[in-house]
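Asks: Mind looking over this structure? Questions follow.
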2 protein chains.
Amino acid sequence: MMNHASTRRPQRRALETRARLIEAAIGEFAEKGFEGASTGEIASRAGVAQSAVPYHFGTKDLLWKAAGEGLFGLLRERLGARLAGLDGVDVLTTARLLLTEFVRFAAAHPELHRFMLQEGTGPSERLEWLVAKHVVPMASVLEGVFQGIESLGGPSPGPMTHVFYVLIGAVSTPYALAPQVRLATGEDPFSEDYIEAHTEMMLRLFIPSLPDSDG
Amino acid sequence: MMNHASTRRPQRRALETRARLIEAAIGEFAEKGFEGASTGEIASRAGVAQSAVPYHFGTKDLLWKAAGEGLFGLLRERLGARLAGLDGVDVLTTARLLLTEFVRFAAAHPELHRFMLQEGTGPSERLEWLVAKHVVPMASVLEGVFQGIESLGGPSPGPMTHVFYVLIGAVSTPYALAPQVRLATGEDPFSEDYIEAHTEMMLRLFIPSLPDSDG
DNA sequence: AGCTAAATTAATCGAATGATGAACCACGCC
DNA sequence: GGCGTGGTTCATCATTCGATTAATTTAGCT
């Protein structure tokens, strides 16, 4: 499994295969779940031999965790960059822009929600890892923002822990179910029109509009 | 595969195993998806031999469809019974009660949403079957109800085809992700308190409150 | 340039999967 | 009450899966 605690620099090509394997794994795991995805298909999608998987990651389980790491890395990066430019901006605007960013992320990376859904259905060691390592930290960041809203006296939609999953579901379900949406409604959730309408709907549903701050 | 176009009455025990297999299949497919679930585990969960599956259903694929049939049957039954008692009641109250019923159904049968999610991730013959046979008919029933709301001039949340999936996601995500919710927040989405709070939140989010009709 | 460790692949293994067919059992029907 | 079909299981097959191993190629280091 590449246990080389050694002095040599990793080859460039190796980093590339690793990256391509992770990307392919994200897609496969998101589509078919942990048990439904096969390392062979993942490797084929990445253009390498199946045995490259246990070499680079040791185990299908560890490949899955690397994929989760990659996905949440993208989300952290994106939301972090958004938050970084908002120092000092009022809470309501911050929340609005953050939610907008989240909607666009869900549209750009529907795999994240699918990935979590695939693992969220039953208790498992993988789920515990996911929650402890990524979900809880992410949630506590958002908690700060939304607590600020409540302190404004706006109509809070409810306790944070509850709103959290309702919001996630409302935002990302059209993307997690994109193929079904297309079949059932004929609309394309990834079109710019849909994304804008969806953003607007989410803002209207979840961000209280204080009497003065509209516009 | 039980191709008996014949005269004999089916034995009582056969119907029972069929039913138990379907119930087990619903659980397994909802948890692990089509490819992740195994007919052996399903049979074991139902207390019969693995070969009983191909006997009764012919194919894993057909077993899956039977499971979908069963799930949507439950939903139709429940919503149908609710609607039957509401003839002549005003649209807003109808919508409120229907949504309440849907929340309680999502809590009682989280497998439905999980089942749909598992199959909604990629195009497949199974997805086409699901949409054509169950999703579209179900949606067109609801469409009638919500079109009535718009005609009242209440603040419509948006076009039906869009609201549809947002609502589904908001309502059922806490239940589809119940194990994760428990791990991350310590709350139990199936507790009566949570269900009531969730119902209230869904009503507040999705049913417009006309100036007069509150209470 | 040459040595050597790292990276990749091909070959293979044991376990699990879905399906088939034969043997056995049980129940509806007359 | 026993005949016969419907129902169930057991044994088995071909396939697929994840992982291990050995052999081969690639590239970092001096």
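Asks: Treating the point 7 Å from Cα along Cα-beta-carbon as the label, what are the nm separations from residue B:93 to the other copies, to one decimal?
Replies: In nanometres, ordered from closest: 4.7.
Asks: Per residue of A:158-168, what is the mean number of Cβ atoms on other protein chains within 10 angstrom of that residue's Cβ?
Replies: Rounded to a whole number, the mean comes out at 6.
Asks: Can you list the distances in nanometres, one decimal and ascending, from the residue A:108 label point to the identical position in each other copy, with the point 7 Å along Cα to Cβ?
Replies: Spelled out, the distances from residue A:108's label point are 4.3 nm.
Asks: Kindly give the distances from residue A:45 to its copy-mates, label point to label point, with each label point 7 Å from Cα along Cα→Cβ, as nm values to one decimal ordered shortest first.
Replies: Computed spacing set for this position: 2.4 nm.
Asks: How much accessible area per residue does chain A have, in Å², with a 1.4 Å probe?
Replies: Details: 10180 Å² over 215 residues.
Value for chain A: 47 Å² per residue.
Asks: Follow-up. What is the spin-label model distance, in nm, from residue A:191 to residue B:78 if the labels are put 7 Å beyond Cα along the C-beta direction?
Replies: Inter-label distance under the simple model: 3.3 nm.
Asks: Tell me which residues come under 5 Å, amide H to amide H, from residue B:38 once H is placed; ignore anything under 5 positions away on its chain.
Replies: Result for residue B:38 returns nothing.
Asks: If a/c stays under 1.5 just call it rounded; otherwise compare a/b with b/c (prolate if a/b is bigger, oblate if not). Do that for segment A:108-197, with a ≥ b ≥ c from the square roots of the Cα gyration tensor eigenvalues. Working shown, then result.
Replies: Values: a/c = 2.49, a/b = 1.20, b/c = 2.07.
Judged from the Cα gyration tensor, segment A:108-197 comes out oblate (a/c at least 1.5, b/c at or above a/b).
Asks: Given the options B:106, B:122, B:26, identify the residue whose Cα lies farthest towards the positive end of the charge dipole of chain B (+1 on Cβ of Lys, Arg; -1 on Cβ of Asp, Glu).
Replies: It is B:26.
Asks: Give me a single rounded figure for B:108-120: the average over its residues of other chain Cβ atoms within 10 Å of their Cβ.
Replies: Partner-chain Cβ atoms within 10 Å, mean over residues of B:108-120: 3.
Asks: Which residue, B:201, B:164, B:134, has the largest displacement toward the positive end of the dipole of segment B:97-215 when charges sit on each Cβ (Lys, Arg +1; Asp, Glu -1)?
Replies: B:134
Asks: A follow-up question, please. Convert 25 °C to kelvin, take the viscosity as 0.890 mPa s, use the Kirkwood radius over C-alpha pairs of the protein assembly as shown as Rh, and evaluate the Stokes-Einstein diffusion coefficient in µm²/s, rounded to a whole number.
Replies: The Stokes-Einstein estimate is 105 µm²/s.
Asks: Determine how large the accessible area of residue A:151 is when every protein chain is in place; take a 1.4 Å probe and give Å² rounded to the nearest 10.
Replies: 100
Asks: Let me ask you something else. Going by average Cβ neighbours within 10 Å, how do the peptides A:74-87, B:103-116 rank, with the highest at the top?
Replies: B:103-116, A:74-87
Asks: Moving to a separate point now. How many angstrom lie between the C-alpha centres of segment B:33-100 and segment A:22-63?
Replies: Cα centroid of segment B:33-100 versus Cα centroid of segment A:22-63: 32 Å apart.
Asks: Rounded to the nearest 0.05, what FRET efficiency do residue A:136 and residue A:55 give with R0 = 30 Å and r taken as the Cβ-Cβ distance? Could you check? Please list the in-between numbers first.
Replies: On the way: r = 32 Å, r/R0 = 1.07.
E(calc), rounded to 0.05, equals 0.40.
Asks: Just subtract the alpha-carbon distance of residue A:128 and residue A:13 from 0.36 nm times their residue separation and send over the number in nm, one decimal. Intermediate values should be presented prior to the final figure.
Replies: Working: separation 115, 0.36 × 115 = 41.40 nm, distance 3.29 nm.
Value of the extension gain: 38.1 nm.
Asks: Please give the FRET efficiency for residue B:62 paired with residue B:203, using the beta carbon to beta carbon distance and R0 = 41 Å, rounded to the nearest 0.05.
Replies: After rounding, the FRET efficiency stands at 0.55.
Asks: What is the magnitude of the charge dipole of chain B about its Cα centre, with +1 placed on the Cβ of each Lys and Arg, -1 on the Cβ of each Asp and Glu, and no other charges, expressed in debye to the nearest 20? Intermediate values should be presented prior to the final figure.
Replies: Details: 20 positive and 26 negative charges, 231 e Å.
Computed about the Cα centre, the dipole is about 1100 debye.
Asks: Run the numbers on segment A:62-145 and let me know its relative contact order in percent, using alpha-carbon pairs under 8 Å that are six or more apart. Please report the intermediate quantities before stating the final value.
Replies: On the way: 26 pairs, mean separation 29.9, N = 84.
Once divided by the residue count of segment A:62-145, the mean separation gives 36 percent.
Asks: Let me ask something else. Across the residues of A:193-200, average count of Cβ atoms on other protein chains within 10 Å?
Replies: So the per-residue partner count for this stretch is 1.
Asks: Just the ratio, please: alpha-carbon radius of gyration of chain B over 2.2 N^0.38 Å, N its number of residues.
Replies: 1.16
The values are calculated or read from the model by the stated rules, or taken from the named source; none is laboratory data. Fair warning: this is a prediction, and the values are worked out from it, not measured in the lab. Backbone-built Cβ (ideal geometry, glycine too); neighbour counts: all protein chains shown. Accessible surface areas use protein heavy atoms only, side chains included; no ligands, DNA or RNA. Shrake-Rupley method; radii C 1.70, N 1.55, O 1.52, S 1.80 Å.
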